[in-house]
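What follows is one structure encoded as structure tokens, with my remarks underneath.
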There are 2 protein chains.
Amino acid sequence: MDDYQELARRVRAQGGRMTPQRQIVLEAISALDGHASANEIYEWVAARAPAVNRATVYRVLRFLCEANLVAPFATDGVMLYELVGARPHHHLVCRGCGHVEPIPAQALDVLVTALCREHGFQAELRHLAITGLCRECRQ
Amino acid sequence: MDDYQELARRVRAQGGRMTPQRQIVLEAISALDGHASANEIYEWVAARAPAVNRATVYRVLRFLCEANLVAPFATDGVMLYELVGARPHHHLVCRGCGHVEPIPAQALDVLVTALCREHGFQAELRHLAITGLCRECRQ
DNA sequence: CGCCTTATTGCAAATCTTTGCAACAAGAAA
DNA sequence: TTTCTTGTTGCAAAGATTTGCAATAAGGCG
Ligand SMILES: [Mn+2]
Ligand SMILES: [Mn+2]
Ligand SMILES: [Zn+2]
Ligand SMILES: [Zn+2]
């Protein structure tokens, strides 16, 4: 888990307040080691702070995403949440073996450059999940 | 709307059956001119076939997506549905003006090639929604 | 055209997610 | 530390999506 003071500072920088609920949700995401669903996060939180309401977990997740402390990321319909770390990255999700491979964000710079050149569009690619077949599953 | 016989054939090719419910959902997506939400589709259907149940619309949409007759596509949290057309494409969604610009799928070939070369990963990019800023909104 | 098999539907109940509102409490200011 | 403002929370109710199950009907076969 990152430093509480630093997280509180970043929450207040958004005009928000640091609360026990926001703190424990951050702990949950950290403890669940990235890529946790809203329900998994709620279960983790409820196990140690039963008073925290489900609706609050949803609202906290939305807030943390907007505050850019947490990154949401959709894998075929399911929303997962991950702490925004030092290095931005994306994911290669193999539909064969289910393996999830993180790749540095600059691996997609080639696309960003092309879109900018061809369409004048400044793409903001954050924490994508790209599905396909990994090297092994391609035989 | 595409030819009913052809659609029915493709449904049966999946081991499925063509029903009035599936037919009218396809009509709805077509009439709504692409990019319709589950609720918009349900409203359209309910207006002319009130007996069709909401749960059925959800199940039909899932079936059509798996049968590859319809492509789902997420724009910040909301799932939209579109008929799979002749030419595969993606979308550039501007977060400034909200404009949605379709681009041919091969615009992303540069990325597919790079991922294959760098990671041995065969990406399957289908009907993506890429957010960012369009030329005008960048000033 | 009937008869079967079984995929599909409607319904109701279960889940998941959002929202309105009054009570609460974080944190800035005194 | 006490006060005050207003962002947050819990709760309950609404809305969205999924699921179990018995009844229905698509379509292959005679
Ligand atoms: Mn990640
Ligand atoms: Mn499209
Ligand atoms: Zn694999
Ligand atoms: Zn724009």
*Of all residues in segment B:20-55, count the ones that are of a type in the set (S, T, N, Q) and touching a Ser or Thr at 6+ places or on another chain (Cβ under 9 Å).*
1
*Matching option when the condition is more than 23 Å from A:Glu101 (Cα to Cα) and hydroxyl-bearing (Ser, Thr, Tyr), among B:Thr75, B:Thr131, B:Thr113*: B:Thr75
*Select from segment A:7-47 the residues that are within 20 Å of A:Val100 (Cα to Cα) and free of Cβ contacts under 8 Å to residues at least 40 places away in the same chain and list them in ascending order.*
A:Ala31, A:Leu32, A:Asp33, A:Glu40
*What about B:Arg48, is it within 8 Å of DNA strand D (Cβ to nearest atom) and open to solvent by 70 Å² or more (accessible area, probe 1.4 Å)?*
no
_Considering only residues that are at the interface with chain B (Cβ under 7 Å from one of its Cβ atoms) and in a helix (DSSP H, G or I), which ones fall in segment A:129-138?_
A:Arg138
*Residues B:His127, B:His119: which one is within 16 Å of ligand 1 (Cβ to nearest atom) and within 28 Å of A:Leu115 (Cβ to Cβ)?*
B:His119
_I need the full set of residues from segment B:77-123 which are open to solvent by 60 Å² or more (accessible area, probe 1.4 Å) and more than 15 Å from the chain's Cα centre (by Cα), in order please._
B:Arg95, B:Cys97, B:His99, B:Gln106, B:Asp109, B:Thr113, B:Arg117, B:Glu118, B:His119, B:Gln122
*Residue among B:Arg126, B:Arg54 that is within 10 Å of another protein chain (Cβ to nearest Cβ), charged (D, E, K, R) and in contact (Cβ under 8 Å) with a residue 12 or more places away in the chain*: B:Arg126
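The values are calculated or read from the model by the stated rules, or taken from the named source; none is laboratory data. Everything quoted here is computed from the prediction, not taken from an experiment. Counting neighbours? That spans all protein chains shown, and the Cβs are built from the backbone with ideal geometry, glycine included. Each accessible area value is taken on the protein alone, full model and side chains, heavy atoms only, with ligands, DNA and RNA left out. Shrake-Rupley method; radii C 1.70, N 1.55, O 1.52, S 1.80 Å.
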